[in-house]
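Note sheet for the following structure.
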Amino acid sequence: MCVTELEVYSVTDGVRKKSPPHAPQSWRKTPEWNEKFLETLNEDIVSLKPSGELGLSDVRILMLGPVGTGKSSFYNTINSVFKGRISQRARCGNATHSITTAYTPYLVKARSGASLNFRFCDTRGLEVTQGLDILECNYLLDGNIPDYYEFNPATPISPENPGFVHHPRVPEKIHCVLFVIDAKTVGDIPPKLVEKMNSFQKIMNHKGIPQTVLLTKVDLACQDVASKISNVFTSKTIEAAVDKVSGLLGLPRNNILPVKNYENEMQLDDNISILALLAVRQVLYFAEDYIENLQEKMSARNVSSEKPNKQEHKEKRNDKE
Ligand SMILES: Nc1nc2c(ncn2[C@@H]2O[C@H](COP(=O)(O)OP(=O)(O)OP(=O)(O)O)[C@@H](O)[C@H]2O)c(=O)[nH]1
Ligand SMILES: [Mg+2]
């Protein structure tokens, strides 16, 4: 054997990276938070397009929740992320009654100026004694309420109102509901208001519309999160708030999405943006699932109306059974 060059490597058991002995455990796993993850979320959201078969150019996400929980701020947060600067198209702030008074289906614009394929439909905040009731909620879900309609807190809209949409098409209907709840005051929601939301959920369930919850103001609910937003999924306080909302609205825990809205910041922050985009992507996934269900239902209906004899035959057979 003629050896001209030889390299010798020694394999040793180096110092392994161990997590510190009392590192808090995440109660929800996510990839590592960095610029690349933010980019991935951004791309995932931009590339989500509702199927063309139903004639949908964008999906409608209805934001519902008590007064001052951060509905309008959430739209502003998402618009800021995509615009690349803090933006405040929706009026927001604190008041006894809702600052938002009209049904506003906001589009989100990317830096290029192109609109993304979803709309955040902002609504008047829910109150126990006035505002949106079950009938008006039903009209909203079905697309009967015209865009930019000014809610009348004392009297719900009726089919006699000018502008009432009598024959809404699929694009005007709601494809996913986003309840917006404040993480700090989740335990203080008046039981009557919870009842109101539960009654709305009954009609959503009946229509098969998915429901998610945006748990806002996580910075006010937990000091650890306020100092570092990426602590959100290790915070026991936020985990407890997620459990609490999941119980109140009877929704699985992965439908509860914590966020911190842009409210004091003058510039974007990757961690705030990541948390907000994580929530939006999940909401859009649920809306996509709903649209798939709708499509299958509609094509099944079309097939059965195209083949009346076969259907009749099936029904007769069912009768016999
Ligand atoms: N610290 C903090 N403040 C928030 C957050 N989200 C919203 N806010 C503040 O909460 C207040 C209410 O926010 P809005 O976005 O107006 O709430 P809304 O649900 O649209 O309220 P109405 O339209 O009146 O029903 C504003 O002062 C926001 O700046 C958050 O995540 N953290
Ligand atoms: Mg508002």
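The values are calculated or read from the model by the stated rules, or taken from the named source; none is laboratory data. Since this is a predicted model, take the numbers as computed values, not measurements. Note that each Cβ is placed from the backbone with ideal geometry, even for glycine, and that neighbours are counted across all protein chains shown.
Among the residues of segment 141-172, those that are of a type in the set (V, I, T) and either in contact with a Phe, Trp or Tyr (Cβ under 8 Å, 6 or more places away or on another chain) or free of Cβ contacts under 8 Å to residues at least 60 places away in the same chain (or both) comprise I145, T155, I157, V165. Evaluated against (1) within 10 Å of ligand 1 (Cβ to nearest atom); (2) over 17 Å from Y106 (Cβ atoms); (3) of a type in the set (G, A, S), S51 falls short on exactly one condition, (1).
Conditions tested, residue by residue: (1) among the β-branched types (V, I, T); (2) on the phi > 0 side of the Ramachandran plot; (3) more than 12 Å from ligand 1 (Cβ to nearest atom); (4) more than 19 Å from the chain's Cα centre (by Cα).
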{"position": "A23", "(1), (2), (3), (4)": "no, no, yes, yes"}
{"position": "S26", "(1), (2), (3), (4)": "no, no, yes, yes"}
{"position": "K29", "(1), (2), (3), (4)": "no, no, yes, no"}
{"position": "K36", "(1), (2), (3), (4)": "no, no, yes, yes"}
{"position": "S57", "(1), (2), (3), (4)": "no, no, yes, no"}
{"position": "G70", "(1), (2), (3), (4)": "no, yes, no, no"}
{"position": "S73", "(1), (2), (3), (4)": "no, no, no, no"}
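Beta carbons closer than 6 Å, at least 6 apart along the sequence or on distinct chains, pair a first residue in segment 173-199 that is within 16 Å of ligand 2 (Cβ to nearest atom) with a second that is of a type in the set (D, E, K, R) and assigned to a loop (DSSP other than H, G, I, E, B) for D182/K217. Being within 15 Å of ligand 1 (Cβ to nearest atom), over 29 Å from V46 (Cβ atoms) and touching a strand residue (DSSP E or B) at 6+ places or on another chain (Cβ under 7 Å) is the requirement here; does A241 meet it? Spelling it out, A241 is indeed within 15 Å of ligand 1 (Cβ to nearest atom), over 29 Å from V46 (Cβ atoms) and touching a strand residue (DSSP E or B) at 6+ places or on another chain (Cβ under 7 Å). Within segment 175-189, the set of residues being hydrophobic (A, V, I, L, M, F, W, C) and surrounded by fewer than 23 Cβ atoms within 10 Å (Cβ to Cβ) comprises V186, I189. Among the residues of segment 110-136, the ones that are within 15 Å of ligand 1 (Cβ to nearest atom) and in contact (Cβ under 8 Å) with a residue 40 or more places away in the chain come to 9 in all.
Given the criteria surrounded by fewer than 17 Cβ atoms within 10 Å (Cβ to Cβ) and at pLDDT 95 or above, does K217 qualify? Against the criterion (surrounded by fewer than 17 Cβ atoms within 10 Å (Cβ to Cβ) and at pLDDT 95 or above), K217 does not qualify.
The set of residues in segment 196-217 being part of a helix (DSSP H, G or I) and either over 18 Å from G247 (Cα atoms) or hydroxyl-bearing (S, T, Y) (or both) consists of S199, I203, H206, K207. Selection over segment 79-98 of residues that are near ligand 1 (Cβ under 9 Å from one of its atoms) and buried (at least 17 other Cβ atoms within 10 Å of the Cβ) gives a count of 3. Criterion first (touching a residue at least 60 places away in the same chain (Cβ under 8 Å) and more than 10 Å from ligand 1 (Cβ to nearest atom)) does L107 satisfy it? Here the answer is no, as L107 does not meet what is asked.
Within segment 98-146, restricting attention to residues that are among the acidic types (D, E) and within 16 Å of ligand 2 (Cβ to nearest atom), which residue is farthest from E172 (Cα to Cα)? In this case the residue turns out to be E127. Are any of the residues in segment 132-141 over 20 Å from M197 (Cβ atoms), surrounded by fewer than 21 Cβ atoms within 10 Å (Cβ to Cβ) and of a type in the set (S, T, N, Q)? Checked segment 132-141: no residue is over 20 Å from M197 (Cβ atoms), surrounded by fewer than 21 Cβ atoms within 10 Å (Cβ to Cβ) and of a type in the set (S, T, N, Q). Residue pairs whose Cβ atoms lie under 8 Å apart, sitting 6 or more positions apart in sequence or on different chains, and linking a residue in segment 244-264 that is at pLDDT 95 or above and assigned to a loop (DSSP other than H, G, I, E, B) to a partner that is within 12 Å of ligand 1 (Cβ to nearest atom) and of a type in the set (F, W, Y), are V259/F74; N261/F74.
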